[in-house]
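> First, the structure itself, so that you have it in front of you.
The values are calculated or read from the model by the stated rules, or taken from the named source; none is laboratory data. Everything quoted here is computed from the prediction, not taken from an experiment. Positions of Cβ are generated from backbone atoms using ideal geometry, with glycine treated the same way; all protein chains shown enter the neighbour counts.
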Amino acid sequence: MRKTKEITIDDRGTAKTFRITEMPATKFEWWIIQAGRALLGAGLGKELPGVNINSAEDVQEKVGNLLANEGLTALNNVDLDKIKPLYDQLLECCELKVDNFYTKLDPDTVDAQIESVKTLFTLRKEALVLHLDFLEVGAGSPSAHSAGKRGATINLQKR
């Protein structure tokens, strides 16, 4: 069964509840390999010492740890065309809850459901936290702790 969590976000004065669902294992494995390749291609090899891009376990551990420690800011130097699909896939893990019905978010329709860019960043961050909680690094996401689960710390602030 896929992990899920619900969070409520203030979207420009309106409290909106979202359900975030974990990607299937094979999809997230591919996601993390693509993130690793994008990071290496952007010259961030020093951030991933000795990573063997052909080893799923090595990529999962080292790229996962980098993303858990640096958050989405780790992707700052990556070509936008390479990271947009990764950002979109994180968003696709999210559903908007209205009257006990869920509407899946996707890049083509999200603007009709979300007003604030802060909400988008929060959703992507929380989707990443949900996926990386197996690493058990960092202090944890506040929403992960409130759900009684340990999560990864994601820092969206620029250094």
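> Would you please name the residue that is modelled with the lowest pLDDT, looking only at residues in region 16-40 that are more than 14 Å from the chain's Cα centre (by Cα) and polar (S, T, N, Q)?
Thr26
> Shifting gears a bit: Of the residues Gln113, Gln89, which single one is closer than 15 Å to Thr21 by Cβ and at pLDDT 60 or above?
Exactly one of Gln113, Gln89 is closer than 15 Å to Thr21 by Cβ and at pLDDT 60 or above, namely Gln89.
> Output the number of residues of region 85-124 satisfying the condition of being farther than 16 Å from Ile7 by Cβ, surrounded by 15 or more Cβ atoms within 10 Å (Cβ to Cβ) and touching a residue at least 40 places away in the same chain (Cβ under 8 Å).
2
> Here is a further query. Give me a count of the residues in region 86-102 that are in contact with a strand residue (DSSP E or B) (Cβ under 9 Å, 6 or more places away or on another chain) and of a type in the set (Asp, Glu).
2
> Suppose we keep only residues that are part of a strand (DSSP E or B) and in contact (Cβ under 8 Å) with a residue 12 or more places away in the chain within region 11-24. Which one would you say is farthest from Leu128 (Cα to Cα)?
Looking at the filtered set, the residue picked out is Thr14.
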